[in-house]
Amino acid sequence: MSSGIDNIGLRYVFAGSSCMTAAFVTNPVDVTKIRMQLDGELADQRGQVRTAYQNRYYKGIIRGALRIAKDEGILALYKGFFCHSLTPSLIRESVYSTIRIGSYEPIKVLFGATNPSNTPLYKKICAGGTSGAIGSSIATPTDLIRVRLQAQGRPGAETKYSGFISAFTHILKNEGIRGLYRGMSPTVQRAIVVTATQTAGYDHTKHTILNAGLMKEGGALHITASMIAGFMVAVTSSPVDVIKTRIMNQKIDGICKDQIMYKHTLDCLWKILRSEGIFGLYKGFIPNWLRLGPHTIISFYLFEQFRSMAGIKPI
């Protein structure tokens, strides 16, 4: 068995490695989701919802992915992942998910959760939300660059960046340090919702099943609990995910402050509801679910397997 100090270090390494693997598998779905969330942005749909829906450029997850591959080539589905040997998606996961998943259990203990099988749900939610906020606040620049790169190539979109370094230097030069942290508020809000739902959902579902004697500790239980958590996180995070994508991707260069499309989270929320209706907040829900579901399953399954091989107790 590893020592306590070793366990802490290994937990972070395993958390990052698991989520980076999941990011590689799900990146094509993530690219399609970003495009769908930006499709028909703030189009006037009042009284024309059906027409606007029918006129989408990316018509669903499968046809959307095929459209991207046809227009830009199959490698376009890995935009934001493979860029001049640098991988913004992996860089993001290596920072964001290493912190948010690795810190969940230590923070949960700080909240007084010393018995994994009988910990109140609210303590798990608080621990997940806290670790998510910390990870996302640090990783915001990598997330912003990933979104910008993935959004390039859609009809009418300007191609500004050739890769991670190009995007970083362009944003820093034209938008300053603050530009790299544009959308930090909805990013942190999304991370709080995602991590609080994902980690607490997985943890609580797993121990509820164990306590009821329905399944034993092992791969089948890990997959079952993560499938449930994956659906839960897609439902809770989709609206804030759409808002985050819109704010991060909006044009800022050469735009007067009073003419910026989205001034803040609530402004973006109100404009989407007014122009696109409640369904505007769930644009890209299916690809979001198809990404978060497999991402959650792969992440927690590998995380648990790595822990088992290292002699670390399961979550």
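Assign one of three labels to the range 99-256, namely rounded, prolate or oblate, based on the Cα gyration tensor with a ≥ b ≥ c the square roots of its eigenvalues; rounded applies when a/c is under 1.5, prolate when it is not and a/b is larger than b/c, and oblate otherwise.
Prolate, because a/c is 1.5 or more and a/b exceeds b/c.
Please state the relative contact order of the chain as a whole percent: Cα pairs under 8 Å, 6+ residues apart?
Relative CO of the chain lands at 27 percent.
Using 1/(1 + (r/R0)^6) with R0 = 41 angstrom and r between the beta carbons of residue 266 and residue 214, what's the FRET efficiency to the nearest 0.05?
Approximately 0.45, to the nearest 0.05.
If R0 is 35 Å, what FRET efficiency do you get for residue 252 and residue 13 from their C-beta distance, rounded to 0.05? Don't skip to the end; give the middle numbers.
Details: r = 37 Å, r/R0 = 1.05.
Efficiency for this residue pair is about 0.45.
Would you please state the base-10 log of I(q)/I(0) at q = 0.12, 0.17 1/Å for the range 180-315, with intensities from the Debye formula using one equal scatterer on every alpha carbon?
Each listed q maps to, in turn, -0.58, -0.90.
Residue 313: which aspartates and glutamates have alpha carbons under 18 Å from its alpha carbon, excluding same-chain residues fewer than 8 sequence positions away?
6, 105, 203, 217, 304
Between residue 63 and residue 231, what is 0.36 nm times their sequence separation minus the Cα-Cα distance? Round to one decimal in nm.
Details: separation 168, 0.36 × 168 = 60.48 nm, distance 2.21 nm.
The residue 63-residue 231 span can extend by a further 58.3 nm.
Near residue 271, which lysines are there with a Cα under 27 Å away, not counting those fewer than 8 places off in the same chain?
33, 59, 160, 244, 251, 257, 263, 283
Compute the length gained on full extension between residue 111 and residue 74: take 0.36 nm times their separation in residues and subtract their Cα-Cα distance, giving the result in nm to one decimal. Let's see the in-between values first.
Working: separation 37, 0.36 × 37 = 13.32 nm, distance 4.63 nm.
Gain on extension, residue 111 to residue 74, equals 8.7 nm.
Got the relative contact order for the range 169-315 handy, in percent, Cα pairs under 8 Å and 6 or more residues apart?
29 percent
Since every read-out is calculated from the coordinates, none of them should be taken as a lab result. Quantities reported herein were computed from a predicted structural model and do not represent experimental measurements. Heads up, the Cβs are rebuilt from the backbone with ideal geometry, glycines too, and the neighbour counts pull from every protein chain shown.
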